[in-house]
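Worksheet for the structure shown next.
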Amino acid sequence: MFIINCPYCGERDQTEFSCGGEAHIERPKQPTELSDDQWAEYLFMRKNIKGIQFERWNHIHGCRKWFNVVRDTSNDKIHAVYKMGERPPVK
Amino acid sequence: MSNKYSIFSLIKNALSGHENWQRAWRDPEPKKEYDAIIIGGGGHGLATAYYLAKKHKMNNIAVVEKGWIGGGNTGRNTTIIRSNYLWDASAGLYDHALKIWEGLSQELNYNVMFSQRGVMNLAHNLQDVRDLKRRTHANRLNGIDAVWLNTEEVKKFCPIINTSPKIRYPVLGGTLQRRAGTARHDAVAWGYARGADEMGVDIIQNCEVKGIKRNGNEVEGIETTKGFIKTKKIGVVAAGHSSVIANMAGIRLPLESKPLQALVSEPVKPIIDTVVMSNAVHAYLSQSDKGELVIGAGTDSYVSYTQKGSHNIVEETLRAILELYPIFSRMKMLRQWGGIVDICPDASPIISKTQVKGLYFNCGWGTGGFKATPGSGDLFAHTIANDEPHKLNAAFNLNRFVSGDLVDEHGAAAVAH
């Protein structure tokens, strides 16, 4: 349980948000040309990092907008928040 | 067995004030090389080592554990054991485990306090009723005992449940597996550890794995906080930290690790003599032999390794518990904790070889691994020893995420995820 700084609404409790999982997984540009291995990679394989993870969140009980969060999954500390389409911050 | 437990050993040790019990397992330093190494000293890992030594005569093996044995999810779960899963593959897997549970205390000469007090799953809406009835039929076709109970029968089986039609999610019926029940979780880890140690397995605690050494497509050994250990076979049973180990080995897994919570109340006199689970309102409840109510809550919706879990999850569970059991409205909760569970997209486990030779994974048990401990260990040992899966775990291979042959058990896995 933690506070998330929504780029549109400001600081709110995490219970107002819904987590959309790992960020920057690109949708296949040519789905018909993908092999089974590439489909498995896209659909199921996840980094599931213990440490700094980039992920998507939705302010579902607020502005209902999607954005990205950089969070340390070993202690739930949030390091950065950035909007969809923006480049992830480089450490 | 050098120190076989019996009524006589109990009397003998009672007379000397319980001060002369032998230690149950050694505390060895790691050797330079083993025939196989199991990473993770929880129930599943220790059971794997036990069956590798017992059934496959691999005695030069070790279990490495970063903390103390049984200190992870083995010591954090709500101890429920059942096998009423929907699909044939899962029925085979979980009922294999349940059959081993039935004779486990005798086999290990260690009382795991397996108690077949029954597990009841409640239905709260029409879809629940349809799904649970379907699951009952599927179970019976697979030879697993299951019966459907209507609301009156539910009330008769567990009188403290509020079956009033006026509650928010009324009880419309439920399924009952009478062979299901609970066991003492710590005893499972300790019993397997003692049995494995007896057959020469080295159980190395406080030894964290820092890296997996590969030579091309083969494993060579592990880097640990106690130095490098050489081996040709590595079985990873690291639960919530499976992805961390996979990352060291350079392979990808379809897992997400999330905190799952449980809590216990102050101890009270016997009030509930079975296990009641409810997926729809998300509350499950049993009573430990000490008298505490044991309550299982849900997972957080985001990846985290914090072993805590959010307060709102506990709040939701207790709200549901209070509506179903108004008698507990003044109970005080004593302790709350979290464990990190590794969840697969299809809510079924992975007991599998990998693309790396000599590297095996037993993971993805998600929110319900405890019940499978003996079966999981037995089948994983078979997979490691023969470099081929047993027919009961063949469906639980890693390749199913490529082939699409998933084993979807979201309905039977009690915690929604």
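The values are calculated or read from the model by the stated rules, or taken from the named source; none is laboratory data. For clarity, every value in this text was computed on a predicted model and none was experimentally measured. No Cβ is skipped: glycine too gets one built from the backbone with ideal geometry, and neighbour counts run over all protein chains shown. In case anyone asks, the SASA skips ligands and DNA or RNA and just uses the protein heavy atoms, side chains included. Shrake-Rupley method; radii C 1.70, N 1.55, O 1.52, S 1.80 Å.
Quick notes
- Environment charge at B:Val402 (Cβ cut-off 10 Å; Lys +1, Arg +1, Asp -1, Glu -1): -3
- In the context of the full protein assembly, A:Phe44 retains an accessible surface of approximately 40 Å², using a probe radius of 1.4 Å and ignoring ligands and nucleic acids.
- For chain A, the share of accessible area belonging to carbon and sulfur comes to 48 percent (1.4 Å probe, ligands and nucleic acids excluded).
- Accessible-area ranking of B:Asp289, B:Asp408, largest first, probe 1.4 Å: B:Asp289, B:Asp408
- Between B:Asn20 and B:Val147, the modelled labels are 5.1 nm apart [label points 7 Å from Cα along Cα→Cβ].
- Candidates B:Ile80, B:Ile100, B:Ile39: whichever shows maximal mean-square fluctuation once chain B is modelled as a Gaussian network with Cα springs under 10 Å: B:Ile100
- Sparse packing (at most 10 other Cβ atoms within 10 Å of the Cβ) combined with a DSSP loop state is found for the following trypsin sites (Lys or Arg not before Pro) in the range B:242-342: B:Lys290, B:Arg330, B:Lys332.
- Zone of B:Lys4's modelled label, taken as backbone nitrogen in the range B:78-121 under 20 Å from a point 7 Å along Cα→Cβ: B:103-113
- Top of B:Ala239, B:Ala196, B:Ala249 by mean-square fluctuation, Gaussian network on chain B, Cα under 10 Å: B:Ala249
- Within the listed set B:Tyr305, B:Tyr284, B:Tyr50, the Gaussian network model of chain B (springs between alpha-carbon atoms below 10 Å) gives the highest mean-square fluctuation for B:Tyr305.
- FRET efficiency, 1/(1 + (r/R0)^6) with R0 56 Å, evaluated for B:Asn60 and A:Lys65 via beta carbons: 0.45
- Along the axis of the charge dipole computed for the protein assembly as shown (Cβ charges of +1 for Lys and Arg, -1 for Asp and Glu, origin at the Cα centre), the listed residues B:Ile222, B:Pro165, B:Thr299 are led at the positive end by B:Pro165.
- For chain B, relative contact order (Cα pairs under 8 Å, six or more residues apart, normalised by length) works out to 22 percent.
- Percent antiparallel among DSSP beta bridges (both partners in chain B, rounded to 5): 70 percent
- Under 12 Å from a label point set 7 Å out along the Cα-to-Cβ vector of B:Met199, the amide N atoms of the range B:96-123 belong to B:108.
- Largest to smallest in accessible area, the residues B:Tyr5, B:Tyr302 fall in the order B:Tyr5, B:Tyr302 (1.4 Å probe, all protein chains included).
- Pairs spanning more than 21 Å between alpha-carbon atoms, out of B:Lys57/B:Lys210; A:Lys50/B:Lys210; B:Lys226/B:Lys371; B:Lys213/B:Lys353; B:Lys31/B:Lys213; B:Lys226/B:Lys258: B:Lys57/B:Lys210; B:Lys226/B:Lys371; B:Lys226/B:Lys258.
- Among the GluC sites (Glu not before Pro) in the range B:1-87, those placed in a DSSP loop whose Cβ has at most 13 other Cβ atoms within 10 Å are B:Glu19.
- Each Lys and Arg adds +1 at its Cβ and each Asp and Glu adds -1 at its Cβ; summed about the Cα centre, the protein assembly as shown shows a dipole of about 400 debye.
- Loop GluC sites (Glu not before Pro), the range A:29-89, which have at most 16 other Cβ atoms in a 10 Å radius of their Cβ (DSSP): A:Glu86
- Summing charges over neighbours of B:Arg135, with a neighbour being any other residue whose Cβ is under 15 Å away from its Cβ, gives -2 when K and R count +1 and D and E count -1.
- Cα-centred dipole magnitude for chain B, charges only on beta-carbon of K, R (+1) and D, E (-1), debye, nearest 20: 320 debye
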